[in-house]
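The values are calculated or read from the model by the stated rules, or taken from the named source; none is laboratory data. Source: prediction; values computed, not measured. Cβ coordinates were reconstructed from backbone atoms using ideal geometry, including for glycine residues, and neighbour counts include every protein chain displayed. We work out accessible area using only protein heavy atoms, side chains counted, and drop any ligands, DNA or RNA first. Shrake-Rupley method; radii C 1.70, N 1.55, O 1.52, S 1.80 Å.
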Amino acid sequence: MAGLLACAMAGCGKKGPPLPPLVKLPVAPTDLTAERQALTVDLSLIVPAVNTDGTRPANVSRVEVYALTAPASTPDAVVLKQGVRVASIQVKTPRDPNQTVDPDDPDPDIEPPTGPGLDQGATAHVQEDLARLAPAGPAPVPAPTEPKAGPLVGPPMAAPARQYVAVALNQRGRRGPTSKRVGVPLIAPPVRGPQPSVSYDESAITVSWDAASGPQMPAQAGDAGLLPARELAATPIAVAYNVYDVSSGSGGGPTRLTGAPVHEARFVDSRLAWGAERCYAVRVVEIVDALAVEGDLGSERCVTPVDTFPPAAPKKPTAIARIGAIDILWDPNEEKDLAGYLVLRQDGAEAPFARLTPTPIDRTNFSDVVPPGVGVVYAVEAVDKAGNVSAMSPPTDEERAR
């Protein structure tokens, strides 16, 4: 009886109105990056393809990117509220956002998103033109404070920076979590990159240039709301470089070869290909508070490598006498472009070496027919595919056919 009473009080078996489905939100855009070149900031990110609960496709209609000139400590919510929306990227969206599959379900069970815009999981690229920023006004003067005892030492002045965050919105306009924060410094851009010199050897191309003496700002450093270097004297600025492949056949414009800016005025490109033109240009990079800004691309320098480098001389061969002939054996060379070997013979101590093989042979042995009792000495030369001939190997000891 008590159980029935408890059940009645709790409303056992009573059907209420169905609960509304949970509103699915897309995860944060990933791999947000910001690279500043002169007065242009190139931003890239990966569009969400899953929801925060792991289901897919994502309930996403667009991705928005916001920017705010503020310290790195500024909360993301402030960047979203007070910042400027620099891009709104339309994304293909599912017909029914509640028709999703779990993380372990196969892809064929997914109805592909439709409509205009980027595919989910695609990489988006947008830009912000810093020249449109309003000129920076004078910094506010702090209220005077009571002086404290001790040395008059303050923290170094932080460089002004442009902060960026991205967020994806679902079909109802609700925001998902924000992306990681990235930023670029708002110092004036470095000077134009120097024209490099280019040389090569048999293994790589070396690009070198005159090192910059330090941060050098143009006269218009105060334009576009950017601060000149002299106002950041307390903030250390490191000078580095990025090297670009600007060859006509590289496609899609200049390709950066340096994964991270290099501090030495030298770069080695191992992509050596004989007869293929390579063109290089350099940008000066200034790094302040772990944020980098590139200057304009410098003049290019091109080179078409020609293989004039002979292989190494083969090691000393071995001569083995037998009836009516002498067999010559030697170790193979290790060059990748080796075409073969030339075998030489010397008849007598005063005679010159003469080639027994008019064209290179691709093996490391040779049999020479020699009359019995005649003393001979042999040597070997290596030849590469460009026709370069190595120095002669050390000669064999004298041998006589039996």
task: Kindly provide the set of residues from region 102-131 that are open to solvent by less than 70 Å² (accessible area, probe 1.4 Å), at pLDDT 90 or above, of a type outside the set (Gly, Ala, Ser) and more than 30 Å from the chain's Cα centre (by Cα), ordered by number.
output: PRO113, THR114
- request: Could you list, in sequence order, all residues of region 385-402 that are outside any loop (DSSP other than H, G, I, E, B) and in contact with a Gly (Cβ under 9 Å, 6 or more places away or on another chain)?
  value: GLU399, ARG400
Long-range neighbours under 8 Å by Cβ, at least six apart or interchain, first residue under 29 Å from ARG162 (Cα atoms) within region 45-69, second open to solvent by 10 Å² or more (accessible area, probe 1.4 Å) and among the acidic types (Asp, Glu): LEU45/ASP31; ILE46/ASP31; VAL47/ASP119; ALA67/GLU128
task: Filter region 376-402 for residues that are surrounded by 13 or more Cβ atoms within 10 Å (Cβ to Cβ) and among the acidic types (Asp, Glu) and give the result.
output: GLU381, ASP384, GLU398, GLU399
- prompt: Do we find that ILE89 is open to solvent by less than 90 Å² (accessible area, probe 1.4 Å), among the β-branched types (Val, Ile, Thr), closer than 30 Å to TYR164 by Cβ and free of Cβ contacts under 8 Å to residues at least 60 places away in the same chain in this structure?
  reply: yes
field: Identity of the residue in region 17-47, out of contact with any strand residue (DSSP E or B) (no Cβ under 6 Å at 6 or more places or on another chain) and open to solvent by 60 Å² or more (accessible area, probe 1.4 Å), that ends up modelled with the highest pLDDT
entry: LEU22
- prompt: If you scan region 80-119, which residues turn out to be in a loop (DSSP other than H, G, I, E, B) and among the charged types (D, E, K, R)?
  reply: LYS92, ARG95, ASP96, ASP102, ASP104, ASP105, GLU111, ASP119
query: Within the bounds of region 352-373, is there any residue that is at pLDDT below 95 and under 53 Å from the mean Cα position of the chain (by Cα)?
result: yes
query: Can you name the number of the only condition in (1) among the acidic types (Asp, Glu); (2) at pLDDT 95 or above; (3) open to solvent by less than 80 Å² (accessible area, probe 1.4 Å) that ASP331 fails?
result: (3)
- line: All-but-one check, TYR200 against (1) open to solvent by 40 Å² or more (accessible area, probe 1.4 Å); (2) under 19 Å from ASP289 (Cα atoms); (3) at pLDDT 55 or above, failing number (2)
- request: Pull up region 340-357, narrow it to residues that are surrounded by fewer than 18 Cβ atoms within 10 Å (Cβ to Cβ) and of a type in the set (A, V, I, L, M), then point me to the one that is farthest from ASN388 (Cα to Cα).
  value: ALA349
query: Scanning for something of a type in the set (Ser, Thr, Tyr) and open to solvent by 30 Å² or more (accessible area, probe 1.4 Å), does region 366-375 turn up at least one residue?
result: yes
field: Within region 279-363, strands (runs of 3 or more DSSP E) holding 2 or more residues that are closer than 30 Å to PRO71 by Cβ
entry: 291-294
query: For THR235, all conditions in the list (1) modelled with pLDDT under 50; (2) assigned to a loop (DSSP other than H, G, I, E, B); (3) surrounded by 14 or more Cβ atoms within 10 Å (Cβ to Cβ) hold save one; what is the number of the exception?
result: (1)
statement: Considering residues that are within 10 Å of ALA168 (Cβ to Cβ) and either at pLDDT below 95 or open to solvent by 40 Å² or more (accessible area, probe 1.4 Å) (or both), the number found within region 59-77 is 1
- prompt: Out of curiosity, is VAL284 open to solvent by 40 Å² or more (accessible area, probe 1.4 Å), under 17 Å from the mean Cα position of the chain (by Cα) and modelled with pLDDT of 95 or more?
  reply: no
